[in-house]
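Step one of this worksheet: look at the structure below.
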């Protein structure tokens, strides 16, 4: 296996959430690779459970595809913010739910698509505590209703979507990053 080192970086554009960066790597024998990647703050998806072991699901519109998806509350860390603080903040922002007993499910680097992004995608689990006011970021489009679904039904529907391509619920798919979070939780904690 060749060894590569970063020789050049050039930022193409920057937003509050991410930056597009052209990178150049050179191998120890002189081969050069140029690629444009997305640099991002770490992010986290949160599996919120209530006392009945139901999972909180939201519907979010994604401009990348122009479609609505079923998702878990999730978001990107603010500069200097630890991931558990991000988890608590994002749940409240996107749902109006206040959570307690937040724990990380994964303790490793979770790069969902290292061919495009260096975003480290954490997965956390938390218990419902109380309700508060929801306050979305200005670019987020999330339906106001929260759907609580039995954990076994979530995994049954997820299995059906993955195996046959059926919608998760109400003609909407579960997004890939939420599927990953649910699979990580099922594999490591459930």
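Just the residues that are more than 24 Å from the chain's Cα centre (by Cα) and under 30 Å from residue 181 (Cα atoms), please, taken from the stretch 23-46. Passing the criteria: only 23. Kindly provide the set of residues from the stretch 16-30 that are surrounded by 10 or more Cβ atoms within 10 Å (Cβ to Cβ) and part of a loop (DSSP other than H, G, I, E, B), ordered by number. Residues satisfying the conditions are 16, 17. Reported count of residues in the stretch 130-160, each being at pLDDT below 95, over 22 Å from residue 62 (Cβ atoms) and assigned to a strand (DSSP E or B), is 2. Among the residues of the stretch 57-78, are any part of a helix (DSSP H, G or I) and either crowded, with 18+ Cβ neighbours inside 10 Å or in contact with a strand residue (DSSP E or B) (Cβ under 8 Å, 6 or more places away or on another chain) (or both)? No: zero hits.
Would you check if there is a residue in the stretch 108-120 being assigned by TED's automatic domain parsing to the domain that holds residue 73, modelled with pLDDT of 85 or more, over 20 Å from residue 62 (Cβ atoms) and touching a helix residue (DSSP H, G or I) at 6+ places or on another chain (Cβ under 6 Å)? The answer is no; no qualifying residue exists.
Quick check on my filter: what residues within the stretch 105-125 are in a strand (DSSP E or B) and more than 15 Å from residue 178 (Cβ to Cβ)? The answer is 111, 117, 120.
For the stretch 100-114, the criterion of being touching a residue at least 60 places away in the same chain (Cβ under 8 Å), surrounded by 12 or more Cβ atoms within 10 Å (Cβ to Cβ) and more than 23 Å from residue 53 (Cα to Cα) is satisfied by at least one residue.
The values are calculated or read from the model by the stated rules, or taken from the named source; none is laboratory data. From a predicted model like this one, the values you see are computed outputs, not experimental measurements. Please note: Cβ atoms are built from the backbone with ideal geometry, for glycine as well, and neighbour counts cover all protein chains shown.
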